[in-house]
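Novice: Got a structure for you, written out below as structure tokens; questions coming shortly.
The values are calculated or read from the model by the stated rules, or taken from the named source; none is laboratory data. Only a predicted model underlies this, so the values are computations on that prediction, with no experimental measurement involved. Reconstructed Cβ throughout: ideal geometry from the backbone, glycine too, with neighbour counts over all protein chains shown.
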Amino acid sequence: MSNYFGIDLGTSNCAMAKATDAGLPEILPITQVINASGIGERQLLPSSLYLPASGEFPEGGPQLPWQDRETSSFLGTFARDQGSLQPDRLIASAKSWLCHPHADRRGPILPWGSTTVETKLSPLEVSRHLLSHLLANLRSLNPDTELEHAVITVPASFDEAARALTLEAATQAGLGEVTLLEEPQAAFYAWLENQGTEWRKQVKSGDLLLVCDVGGGTADFSLIAVTGKDGNLALERIAVGEHLLLGGDNMDLALAHAVSEKLSTAGTNLDEWQFLALVQAVRAGKEALLLNPSLQETPISIPSRGRKLIASTISTSLSQEDVQHIAVDGFFPIVGPEEMPVLRRAGGLRESGLPYAADAAISKHLARFLSRAKANATSSPQLIEVIGGSERLNRSPLLLPDAVLFNGGVFNAAALRQRVLKQLSQWAGTQIRELEGSRPDHAVALGACVYARLRATGDGLRIKSGTARSYYIGMESSGMAVPGRLPATKALCVAPQGMEEGSRLAVSGQEFFLYTGESSEFRFFQSEVRAGDQVGQLLPNANELEESARLRIEIPPPTGHQAGEEIPVRLEARVTELGNLELHFLHPASSESWKLEFNVRLQ
Amino acid sequence: MNGSSAKGTEKSNAKPVTNGAESPLPRNASSPTIPPRMKNSLIACGIVLLGLNAASVYLPTQNLTLAAQTASAAIGMVLVFLAIRPQPNQEPKPSSPSAPLPQPPRAEAEIVAFLALLQQHGRLVDFAKEDIASASDAQIGSAARVVHAGCRKILDEYFEITPLQNAEEGASLTLEAGYDAPAYRLLGSVPEHPPYKGKLLHPGWIAQSVKLPRITDTNEKRPWPVLAPAEVEVNGN
């Protein structure tokens with residue numbers, strides 16, 4: 001019997017699941033350091049990495065069975081707990097750095113802004129450490145396990161560069177060949193598996209489904225269209241959202257600040273450690289209040305720092321009103337379909353660091369996603385057909401779904417699921433339904449192993465999903481020089497949206513000139529909203545696109561050519577079987593070619 | 001090289017270091033043999049329950065008599081566990097000579113490590129060690145919430161605890177000959193031979209699974225871990 005593995009490489013937590021040929025998939029326990037003296041098993045591995053001071057654990061500290069004494073970092077539960085007390089030595093949310101276009105993702109930049117850590121790590125290394133840990137854990141359960149063809153999930157909002165870096169981290173960690181899967185799709189596969197044949201009772205041909213995934217630190221949206229005849233339904237992912245650093249942790253922080261201010265007005269000020277304890281306490285309080293709307297308030301106890309627990313515990317409460325006002329109305333306000341999120345803070349300067357969402361209103365981000373999805377669909381006759389004609393586009397400024405699948409810890413609270421459904425229903429003018437039977441906590445890892453089995457056996461329904469964006473390469477115009485004006489950079493579409501794994505597309509009938517032997521700059525662009533663009537299409541101005549990478553490289557001249565020569569090349573885009581996007585320059589005269597990966601390296 | 005399709009080449013470097021008795025998989029209650037370390041977890045479990053019951057006594061809304069009953073039942077449960085424990089006769093043996101395991105940690109060390117978890121998350125040692133004579137019920141109640149939340153989190157994380165009996169408290173029941181004697185404690189006037197007819201006072205608890213952390217830092221200098229490290233706030237370089 002074969003085993004199929006799925007890895008949820010999450011922003012806050014990682015999980016791992018296994019499926020066999022028969023039977024339900026299961027979450028695997030992950031051995032990790034629990035505290036300064038022990039190790040144990042948890043279903044989740046916090047994606048936190050803690051870099052201790054060299055004098056902190058002179059004898060090495062707690063060690064995992066597979067670790068040597070030289071290990072200079074901890075990850076998992078102990079890292080998260082210890083790191084919360086020493087934030088300067090904690091790497092958290094490394095995954096969000098992996099898709100930060102302006103960060104040096106191979107450079108030792110984490111913990112970001114730390115003044116005490118001497119040897120920092122790159123976002124890529126952190127991913128590698130997490131994956132190595134998961135692999136070692138699996139081997140300790142079963143020494144003969146091969147992780148070949150495991151599936152690793154990434155946010156749908158990850159661009160090609162972040163995806164390629166994830167694959168690179170997997171290779172470095174020794175996982176061998178792996179496949180990537182978008183997290184909202186994984187949640188959907190888990191739901192399909194969970195429903196068995198029943199899922200056809202909940203959706204029908206022509207439906208548009210929204211996967212709404214709000215975890216601890218990130219929000220991720222996708223739209224999946226249901227097509228085909230009744231006995232033979234097909235699924236296609238037609239839109240993905242932008243990377244949004246906004247989630248349940250923001251709610252807990254907002255509530256904790258509210259309680260802390262209330263205490264401060266009454267003359268009690270909390271230190272940092274007490275504030276952390278307060279965040280934990282309001283999280284539990286919020287869950288209790290959301291679960292039971294008739295509860296007016298829940299008491300909150302904040303323990304003292306020293307050993308006098310009873311004499312100095314601070315007693316306060318979290319009110320239902322605060323939770324409704326801050327968590328529900330603050331994060332899920334009912335807004336009009338035209339209300340878009342504020343994208344930048346008003347200040348002219350922003351502190352460097354992760355680009356956290358400036359607007360906490362998830363409803364507005366959802367409106368923006370659905371409005372961009374509409375723009376994307378409108379641009380492509382093919383997509384209009386997939387969503388059942390243009391009638392759906394005329395109804396609203398948003399591309400509205402018929403049903404929603406919820407995922408992520410935030411949606412354990414029924415009140416928040418109801419709020420999102422209410423918002424969507426109000427936009428649609430008709431009731432939007434929830435897909436029943438979701439499992440918000442472990443769905444992504446479970447769905448990933450289900451997908452791994454599906455890929456290996458071919459048995460089951462697959463969501464059709466090509467590249468989520470279209471990709472462009474910057475092209476210097478060949479126009480006449482005009483004094484005082486730089487020529488506009490044009491953008492050549494090299495990979496249209498929806499390119500599937502294992503496919504290749506050549507820019508036919510056109511030749512381009514490549515400078516060789518001297519360093520030159522390549523610019524790459526992408527778009528989530530231009531499904532209609534075809535390969536080879538030249539956009540007059542790249543400014544309307546999102547720049548994803550800029551690369552200065554030197555391409556060696558082919559044999560028989562001088563450095564500094566311009567050589568004619570053809571362009572071909574390939575999406576590998578693993579979903580990696582590559583751009584090839586072919587020089588027909590010498591049969592030489594150069595490959596540019598979008599992450600972006602030259603070979 | 002192409003970062004995506006290259007096969008992993010360093011698999012042989014990550015040789016697993018395990019053996020059967022030290023499997024990191026959660027132990028399952030349905031397995032026919034109970035590992036020797038179960039004893040420690042059972043005692044530790046008793047400590048938690050006692051702690052929780054101690055805390056519940058101070059909750060203003062609690063009925064004292066009920067709390068006392070609960071506490072006594074918890075002690076009973078520990079006794080039950082201890083009664084069913086097997087003799088610790090099988091020591092784990094290293095599976096291969098190339099991967100020698102450290103000496104199996106001593107029972108005391110395991111218990112101290114678990115107590116340290118209860119202190120870390122539920123401040124149990126602080127709570128029990130503090131003088132409460134002059135504290136008000138409201139103060140104690142407020143502190144008890146910290147103890148309750150933390151100890152409960154630890155219980156939920158390391159044990160799967162379910163009621164031993166599904167019947168309601170106060171329900172009548174009859175124990176026929178051959179009943180699972182260690183799972184019951186008979187009170188009142190008990191005849192010589194079963195069947196025993198009576199009323200259920202407390203449905204009991206049972207740990208369906210136990211997955212305690214394994215300690216790693218014992219040495220000759222300190223045979224068990226510290227209960228709570230001294231905390232020092234360091235300010236910059």
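Novice: Taking only the range A:516-543 into account, find how many residues are out of contact with any helix residue (DSSP H, G or I) (no Cβ under 9 Å at 6 or more places or on another chain) and among the aromatic types (Phe, Trp, Tyr).
Specialist: Count: 1.
Novice: Just give me the residues in the range A:315-335 being crowded, with 17+ Cβ neighbours inside 10 Å and within 14 Å of chain B (Cβ to nearest Cβ), in sequence order.
Specialist: Selection gives A:THR316, A:LEU318.
Novice: Would the range A:153-160 turn up any residue that is modelled with pLDDT of 90 or more and of a type in the set (D, E, K, R)?
Specialist: Taking every residue of the range A:153-160 in turn, none turns out to be modelled with pLDDT of 90 or more and of a type in the set (D, E, K, R).
Novice: Could you count how many residues in the range A:20-43 are assigned to a loop (DSSP other than H, G, I, E, B) and either away from chain B (no Cβ under 11 Å) or on the phi > 0 side of the Ramachandran plot (or both)?
Specialist: Summing the residues that are assigned to a loop (DSSP other than H, G, I, E, B) and either away from chain B (no Cβ under 11 Å) or on the phi > 0 side of the Ramachandran plot (or both) in the range A:20-43 gives 5.
Novice: Working only within the range A:217-261, note down all residues that are more than 30 Å from A:GLY532 (Cα to Cα) and of a type in the set (S, T, N, Q).
Specialist: A:ASN250, A:SER260 - these are the residues of the range A:217-261 that are more than 30 Å from A:GLY532 (Cα to Cα) and of a type in the set (S, T, N, Q).
A quick yes/no check of all residues on (1) over 26 Å from B:ASP156 (Cβ atoms); (2) at the interface with another protein chain (Cβ under 10 Å from one of its Cβ atoms):
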| position | (1), (2) |
| --- | --- |
| B:TYR179 | yes, no |
| B:PRO182 | no, no |
| B:ARG185 | no, no |
| B:SER189 | yes, no |
| B:PRO195 | yes, no |
| B:ILE206 | no, no |
| B:LEU212 | no, yes |
| B:PRO229 | no, yes |
| B:GLU233 | yes, yes |
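Novice: A further question on this structure: Scan the range B:168-182 and tell me whether some residue there is touching a residue at least 60 places away in the same chain (Cβ under 8 Å), buried (at least 18 other Cβ atoms within 10 Å of the Cβ) and not β-branched (Val, Ile, Thr).
Specialist: Going through the range B:168-182, the residues touching a residue at least 60 places away in the same chain (Cβ under 8 Å) turn out to be B:182.
Adding the requirement that they be buried (at least 18 other Cβ atoms within 10 Å of the Cβ) leaves none.
No, that holds for no residue.
Novice: Mind listing just one residue for me: the one in the range A:79-111 that is under 23 Å from A:GLN172 (Cβ atoms) and among the polar types (S, T, N, Q) and, of those, surrounded by the most Cβ atoms within 10 Å (Cβ to Cβ)?
Specialist: Restricting to residues being under 23 Å from A:GLN172 (Cβ atoms) and among the polar types (S, T, N, Q), the top hit is A:SER93.
Novice: State all residues of the range A:488-497 that are modelled with pLDDT of 85 or more and of a type in the set (Gly, Ala, Ser); if no residue qualifies, say none.
Specialist: A:ALA491, A:ALA495
This table checks each residue for (1) in contact with a Lys or Arg (Cβ under 8 Å, 6 or more places away or on another chain); (2) of a type outside the set (Gly, Ala, Ser).
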position: A:GLY247; (1), (2): no, no
position: A:ASN250; (1), (2): no, yes
position: A:ALA258; (1), (2): no, no
position: A:ARG305; (1), (2): no, yes
position: A:LYS308; (1), (2): no, yes
position: A:SER317; (1), (2): no, no
position: A:GLN320; (1), (2): no, yes
position: A:HIS325; (1), (2): no, yes
position: A:ILE334; (1), (2): yes, yes
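Novice: Those residues that are hydroxyl-bearing (Ser, Thr, Tyr) and closer than 20 Å to A:ALA103 by Cβ, I need them from the range A:132-179; list them, please.
Specialist: Initially, the range A:132-179 is screened for residues hydroxyl-bearing (Ser, Thr, Tyr), giving A:132, A:140, A:145, A:153, A:157, A:166, A:171, A:179.
Those that are hydroxyl-bearing (Ser, Thr, Tyr) and closer than 20 Å to A:ALA103 by Cβ: A:SER157, A:THR166.
Novice: On to the next question. Just wondering, is there one or more residues in the range A:440-460 that are more than 30 Å from A:LEU134 (Cβ to Cβ) and surrounded by fewer than 20 Cβ atoms within 10 Å (Cβ to Cβ)?
Specialist: No; the residues of the range A:440-460 include none that is more than 30 Å from A:LEU134 (Cβ to Cβ) and surrounded by fewer than 20 Cβ atoms within 10 Å (Cβ to Cβ).
Novice: Can you tell me which residue is nearest to A:LEU454 (Cα to Cα) among those in the range A:118-154 that are assigned to a loop (DSSP other than H, G, I, E, B) and away from chain B (no Cβ under 12 Å)?
Specialist: A:SER122
For (1) under 22 Å from the mean Cα position of the chain (by Cα); (2) in contact (Cβ under 8 Å) with a residue 24 or more places away in the chain, each residue gets a yes or a no:
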| site | (1), (2) |
| --- | --- |
| A:THR430 | no, no |
| A:HIS442 | yes, yes |
| A:ALA448 | yes, yes |
| A:ALA452 | yes, yes |
| A:ALA456 | no, yes |
| A:LEU461 | no, yes |
| A:ALA468 | yes, yes |
| A:TYR471 | yes, yes |
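Novice: Answer yes if at least one residue in the range B:133-145 is acidic (Asp, Glu) and assigned by TED's automatic domain parsing to the domain that holds B:LEU212, and no otherwise.
Specialist: Scanning the range B:133-145 turns up at least one residue that is acidic (Asp, Glu) and assigned by TED's automatic domain parsing to the domain that holds B:LEU212.
Novice: Where residues in the range B:118-136 are within 16 Å of A:ILE300 (Cα to Cα) and not small (Gly, Ala, Ser), which of them is farthest from the other protein chains (Cβ to nearest Cβ)? First the steps, then the outcome.
Specialist: Of all residues in the range B:118-136, those within 16 Å of A:ILE300 (Cα to Cα) come to B:121-123.
Going one step further and asking which of them are not small (Gly, Ala, Ser), we end up with B:121, B:123.
Values: B:HIS121: 9, B:ARG123: 5 Å.
Within the range B:118-136, the match that is farthest from the other protein chains (Cβ to nearest Cβ) is B:HIS121.
Novice: Separate question: Need the failing condition index for A:GLY60 against (1) touching a residue at least 12 places away in the same chain (Cβ under 8 Å); (2) at the interface with another protein chain (Cβ under 10 Å from one of its Cβ atoms); (3) not aliphatic (A, V, I, L, M), just the number.
Specialist: (1)
Novice: Suppose the filter is more than 9 Å from chain A (Cβ to nearest Cβ) and either modelled with pLDDT of 90 or more or farther than 28 Å from B:LYS199 by Cα (or both); does B:ALA171 pass it?
Specialist: Yes; evaluated as a whole, the condition is true for this residue.
Novice: Looking only at the range A:3-35, how many residues end up being free of Cβ contacts under 8 Å to residues at least 60 places away in the same chain and crowded, with 20+ Cβ neighbours inside 10 Å?
Specialist: 3
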